[in-house]
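Just so it is clear, none of the values below were taken in a lab; they were calculated from the coordinates. Since the structure is predicted, the reported quantities are computational estimates derived from the model, not experimental observations. Methodologically, a virtual Cβ is constructed for each residue, glycine included, from the backbone with ideal geometry; neighbour enumeration extends over all protein chains shown.
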Amino acid sequence: MTKPASDSAAGTRRHRLRIIAAAVAGTALTGVWAGLTVVASTVPAPASLGTREAQSVRVPTGDAVRACAGPARLLEGSPVQGDPQFSPASKTAQTSVTGIVLSDTQGTLPDTSLTPQSGSALRTLPGQPAPPGTVAQPRAAVVAGQRVDGLSVLTAKPVSGSAAATGAAVRFEASDGDLRGLAAATCTAPSNDQWLSGGETTVGRTSVLTLANSSATPATVDLEFFGDKPLTQAPPSSRGLTIKPGSSASYVLSGYMPGQANVSVHVHSSGGPVAAAIQQSTLRGLTPGGVELITPAAAPSSRQTVSGIELQEPGQANALAAKDGFADARAAVQITVPGAADAVVQLRVYGRNGAVQLPSGGVVTAKAGAVTEVPLTGLPAGTYSVSASADVSFTASARVPRGLSANDPLDFAVAAATQRIGDNHVVAIGSGGSRQMVFGVPDGRAQIRAVPVTDDGAMHPPVTLDVAGGTTAVLDVPDKVDGAPLAGYVLSASGDAAFGSILLKGDGNAIAAATIVPAAAAAQTMPVTVGY
């Protein structure tokens, strides 16, 4: 088909335009390359480039978060594993949270809030600048004995570009009902890896694990269990548990590990970090046997130290433990070995006056993949620490019973192995009953410095302890300092390794223990290298 004349002429014009454009483009590219050649000639050759040191760039600081366990609750019915229903513990049960947030060195306080797991704030403390016209000095914001009826979270904004130093603790107490007793727990920073030790699922013992996700990211959780004997396979429904942001879930451990005198749980999450705690309680027939809130112990290591172990008169304690149903009314250390090899463990027990000898000699073989119980029977009454070392990694806790008559309501505490005390641990204690901080120093010598913090936010002159190696020291906590109720301490240690726990006692046989958690991390930096 012959094209129209107009199309042919148009095609000729387009062809000429393409030729002209190509020529212009070629000229332009030649100019560009010439320019690049000139520029390149002014750039030093790679061999002449100087080596530039990596520059430290500060990592943005996030909020300081301390997640607090909720009140002890009675289970309704006989739930299996997850989704249990709860009822109030008693008419007299009270649960409160005490929190402390430190200022920077100039006295500037960060915005702070105590909120339930979901819902509006229970308490808000607006940030405050340093007081004008005064000598710069640190101070604190204090949430004193705030009543709570569920899980709660203490959150503090960064201050002066660093994470705020915070500490909080929850206290539960009831003088009637099946959960009669005292329970306490330090509020912990959510984590992706945690170890809890001190559970029990024999008849009359109830162990409930609660996982709380206060982050904005879903958490997928795997539970690894350890009991009296090694498991051949993981219990059903113990992997891939989903905890939605701003939510929590509870799991009855007897559904996973029934009939175990000793239970430990490794909680590992991907995605959002979670806070883990176990509510452990005992009921012997119609007589309450105690309640405790268990929070994470130190991660497995070849050395562990547990402090805050109070032993009763040995003759009466042994007689009670010999009665039917009272085997767990004796003090004992639980050793959890997560690896594939048995652990040969050397235990050392030392009190205020030095070391005491375990009747068993102090050397035990702890089975791999299981929890081994080491009784602390036969030792004189007093306050002790236990240090343990082994050829493989393990974690540890201690059960500390109180009460010597089978006819009376008993109680117990669970003291966990802790990390070495460093600098500026914010230790919230709160009010009520007898309160002590118990320190164990395995070797050498350590100096403990405890700065009292009162409810009005004032920080007072420090209390110092010089603790010899192989001894346990006890700091009795006063109700008030300079007329103001005591909220807690800022705790530091120097010298050789020192470890500590909080030991609380109430009316009757009420007793509880809480850990001293790691201090706030310092501002972090990362090296960044800029190159060609």
Problem set entry | Burial ranking of peptide ranges 351-357, 388-394 (average Cβ count within 10 Å, highest at the top) | 388-394, 351-357
Exercise. Given R₀ = 25 Å, FRET efficiency for SER301-SER434 by Cβ-Cβ distance, to 0.05?
Worked result: 0.20
Exercise. The stretch 410-452 to the stretch 192-256: how many Å between their Cα centroids?
Worked result: 27 Å
Seminar exercise, completed: Fewest-first ordering of SER247, SER387 by Cβ atoms within 10 Å yields SER247, SER387
For this session: Please report, to two decimal places, log10 I(q)/I(0) for the stretch 171-276 at q = 0.10 Å⁻¹ as given by the Debye formula with identical point scatterers on the Cα atoms and no solvent.
Result: -0.31
Problem set entry | Contour excess over end-to-end distance, with Cα ends at ASP222 and ARG147 and 0.36 nm allotted per residue | 23.8 nm
Exercise. Which value, in debye to the nearest 20, gives the size of the charge dipole of the stretch 180-331 about its Cα centre, when Lys and Arg are +1 and Asp and Glu are -1 at the Cβ?
Worked result: 180 debye
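Per residue Cα convex hull volume for the stretch 286-400, in cubic angstrom?
Numbers: hull volume 13.0 nm³, N = 115.
Spelled out: Cα convex hull of the stretch 286-400, divided by residues, is 113 Å³.
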For this session: Mind giving me the nanometre distance, one decimal, between the label points for ALA355 and ASP456, set 7 Å out from Cα along Cα→Cβ?
Result: 4.8 nm
For this session: Would you list the P(r) distribution for the stretch 61-515, with all Cα-Cα distances sorted into 10 Å bins from 0 and each bin expressed as a whole %?
Result: 5, 22, 33, 27, 12, 2, 0
Exercise. Can you work out the FRET efficiency for the pair ALA189 and THR105, with r the C-beta to C-beta distance and R0 = 35 Å, to the nearest 0.05?
Worked result: 0.95
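What is the gain in length, in nm to one decimal, between LEU286 and VAL203 on full extension, counting 0.36 nm per residue of separation less the C-alpha to C-alpha distance? Spell out each step's value before the answer.
Values: separation 83, 0.36 × 83 = 29.88 nm, distance 1.28 nm.
That pair, LEU286 and VAL203, stretches by 28.6 nm at full extension.
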Exercise. How about LYS157: which aspartates and glutamates have a C-alpha closer than 17 Å to its C-alpha, ignoring those fewer than 8 places off in the same chain?
Worked result: ASP63, ASP104, ASP111
